[in-house]
Structures are given as structure tokens and as C-alpha cells.
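K.L.:
Can you keep this structure in mind? I'll have questions shortly.
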Amino acid sequence: MERILVIGANGQIGSELVEALSLQHGADNVIAADIGPRSLFGATCYETIDVLDAGRIATIVDTYGITQLYQLAALLSVTGEQAPLKAWTLNMNGLLNVLELARERGAAGKPLKIFWPSSIAAFGPHTPAVDTPQLAVMDPTTIYGISKQAGERLCEYYFTRFGVDVRSIRYPGIISHKSPPGGGTTDYAIAIFHAAKRGERYTCFLGPETTLPMIYMPDAIRATIQLMDAPGEQVRIRSAYNVAGLSFNPRELAEEIVRQLPGFRIQYQPDHRQAIADTWPHSLDDTYARADWGWKASIGLQELVRDMLEHVPAAPEKLHHAA
Ligand code: SER
């Protein structure tokens, strides 16, 4: 029986992952944890944890007999640029704290499996942008991307050197309707739906032809759980896996919204976030994820738009707030 701790449970991925894991493993076996307000998302236990407090994480892991730990607390690309040192400290030390704990627990005969999210932001301007391979030049330009690239190296190091069972995905931009946009460059693709549902014209902070890799939340959750459930010997990549969902640009997204919601209008005013997007891939080659643990995306643009338009509330206050 698995006992699962999700740190960063109030965030975009965390909130939906807690719900999915509670359905899979039983609500009593999933502990939601965050520095923010208590939210259960289908689990029965909540604990306040600051991921920078290694002692507190160890206490909770011991108290509940945790066997799997998801460390999701982080600052994203745009918020990271507003506070680079804070982003570096949170993103790196948060990861190091859980890797060190897993190393100690492993040495004591109490294995702790770790999941940590990487991102397309780990790539940079010299990475091949189309069908970006698993192994490619990585020269990230944001503090967030630099922390993800360094984090990937740490994950592989802790696996190779200490046998820590750590697994990771380079998430594309994740689109979802349960939490509000949370400080990312790809978040235009969420904000656009909120404007559409309010009947407003959307001013896009990226230019119309800015193609980025994206994934709809149900696919992102499925990929995460599939990777964590895969037998260890099949997980050949211990840095982070490329996982493709779909790729589109703001013009293509807006066109599909107009098809389903005639009258929707968009205008373009690229700002500082354009420079970040311009360094990221357009599409990903996820051959390794397909071969190693059977990954295959299932949600395309038409279905994504239909589902977002159905579920995004017209009143933004109905959303819970992400960490
Ligand atoms: N969605 C993230 C961002 O835009 C990328 O991982 O910051």
C-alpha cells in the first residue's frame, strides 16, 4: 500500500493530482501539504509544510509512513523573474531537501519514491525548436529554467550515486480550469478562456505565431501517474522525460475558440514574456516516454477548447487560489 505526500498541493498541478491520487489510492492514503491555506481536494489530511523546512518534511514523512513524495512547490517563469534569488532558493533547496530525505530513508531501508516536475523552460535559444529531442543543447535563459535544468542534473545524480528512485517530466504549458493562471509564460492559454467566458476581447501578451508545446491537465495527470507507476527498470531517463501533448500558437487557439464561441475577439500586445517564449521549443519529441512507459497524448485542440469553454466559470472569484 502506498502512502503519498503532495507538497505544493494548492497549486495548478497539485490540486488536481491530489484528487486523482485520492481516487486511485484511497483518500486516507494521500496527504495534501502546502504553505498556503488548508485545502483537501479529495484527500482526508492536510499538513502545513514549507518545503524549505527539511525537518518538518521529515517529521510528516515519518508520521504518516510516506512511501511516495511529490515535490511541486515552485515559482514559475514569470514570477521567478520578479524575484530570481527567491525562485532559485525555493526551486533548488525544495528539491534538495526531498532528495536528501530520500537518500537517508533509502540508506535506512525505508525507500521513498520522489516525483519532481521539470519543464520545457529547461531548454533555451540553441535547443532545436521543432520536435526537440530528449537529449539536446539546454541553455535556459530564465532563473526558473536554470533551476529546472540544474534540478534535472540533481535528480539523475541522486539516482546514479545513491539509488534514489526519482522520476520527472518536462511539462509543456499545462492548461486547466480549476486554478487561475499562476505566473507562467504559457498561461495566456488559460487567461484567454476566462476573457472569452466573460464576453471580453482578450489582449494576448504573446504574438500570434508563438507556437509552444502544451498539454491539457487530464493528460498531464495521466502522464504523471503512469510514470510513477511504471516499474523502475523501465524508467531509463532519470533527469526528466519529454512528454508531448499538443502544439499550437495564440492565433490557432483563438481560431478554434471562435469556431466554438462565435464573436470572441483577440488582439496582440507582446510584452516581456515574448522574449521568454521565443527561447522555448515549438514541439517535443517524446519517443523515450512512449517507449519506456507507454505514453501517448489523447486530447487535441478541439476537445481542449470544448472542455475549457464548458468548465471555466464566467466569474473568476469562483476559482480557488493557487499557491
Ligand atoms: N508553464 C510554465 C511557465 O510558463 C513552464 O513550465 O512558466
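K.L.:
Using the heavy atoms of the protein chains alone and a 1.4 angstrom probe, what is the accessible area of segment 90-201 per residue in square angstrom?
P.N.:
Using a 1.4 Å probe on heavy atoms only, each residue of segment 90-201 averages 36 Å².
K.L.:
I would also like to ask the following. Sort I146, I120 by heavy-atom solvent-accessible area, probe 1.4 angstrom, most to least.
P.N.:
The most accessible residue leads, giving I146, I120.
K.L.:
Return the Cα extents of segment 244-322 along principal axes one, two and three, sorted largest first, each rounded to a whole Å.
P.N.:
Result for segment 244-322: principal-axis Cα extents of 42, 30, 30 Å.
K.L.:
If r is the Cβ-Cβ distance from R103 to D278 and R0 is 30 Å, what FRET efficiency results, to the nearest 0.05?
P.N.:
Rounded to the nearest 0.05, the efficiency is 0.20.
K.L.:
Taking the chain on its own, what percent of its Cα-Cα pair distances exceed 29 Å?
P.N.:
Result for the distance tail: 33 percent.
K.L.:
Calculate for the chain the 222 nm mean residue ellipticity that helices alone would give, adding -39,500 (n - 2.57) per DSSP H run of length 4 or more and normalising by residue count, nearest 500 deg cm²/dmol.
P.N.:
The helix-only estimate for the chain comes to -12000 deg cm²/dmol at 222 nm.
K.L.:
Could you list which residues have their amide H under 5 Å from that of L284, counting only those 5 or more apart in sequence or on another chain, with H placed in the peptide plane?
P.N.:
Correct list: D131, T132.
K.L.:
Let me ask another. Assuming R0 = 30 Å, what is the FRET efficiency of Y157 and T44, from their Cβ-Cβ distance, to the nearest 0.05?
P.N.:
Efficiency computed from Cβ-Cβ geometry: 0.25.
K.L.:
Now for a separate question. For the charge dipole of the chain, defined by +1 on Lys and Arg C-beta atoms and -1 on Asp and Glu C-beta atoms about the Cα centroid, which residue among Q302, A129, A43 has the Cα displaced farthest towards the positive pole?
P.N.:
A43
K.L.:
Might you report the magnitude of the Cβ-based charge dipole of segment 190-285 about its Cα centre, with Lys and Arg at +1 and Asp and Glu at -1, to the nearest 20 debye?
P.N.:
That gives a dipole near 300 debye.
K.L.:
Taking θ as phi - 60°, what are the ³J(HN,Hα) couplings along segment 34-51 by the Karplus curve (6.51, -1.76, 1.60), each to the nearest whole Hz, with x for Gly and Pro?
P.N.:
Computed from phi, the couplings for segment 34-51 are 7, 7, x, x, 5, 9, 9, 6, x, 7, 9, 10, 10, 10, 7, 9, 9, 5 Hz.
K.L.:
In addition: Test of understanding: what is the full-extension gain from R306 to A27, defined as 0.36 nm times their sequence separation minus their Cα-Cα distance?
P.N.:
97.4 nm
K.L.:
Which part of segment 166-206 falls in the paramagnetic zone of V258, meaning amide N under 20 Å from the point 7 Å along Cα-to-beta-carbon?
P.N.:
So the set is 188-206.
K.L.:
Once amide H atoms are placed 1.01 Å from N in the peptide plane, what residues at a sequence separation of 5 or more from I31, or on another chain, have their amide H within under 5 Å of its amide H?
P.N.:
Residues meeting the amide H criterion: I4, L5, V6.
K.L.:
Moving on. Excluding same-chain pairs closer than 8 in sequence, count the lysine pairs in the chain whose Cα atoms lie under 15 Å apart.
P.N.:
For the chain, qualifying lysine pairs total 4.
The values are calculated or read from the model by the stated rules, or taken from the named source; none is laboratory data. Please read these numbers as outputs of a predicted model, since none were measured by experiment. Neighbour counts run over all protein chains shown; Cβ positions are idealised from the backbone, glycine included. Ligands, DNA and RNA are excluded from the accessible area calculation, which covers all protein heavy atoms including side chains. Shrake-Rupley method; radii C 1.70, N 1.55, O 1.52, S 1.80 Å.
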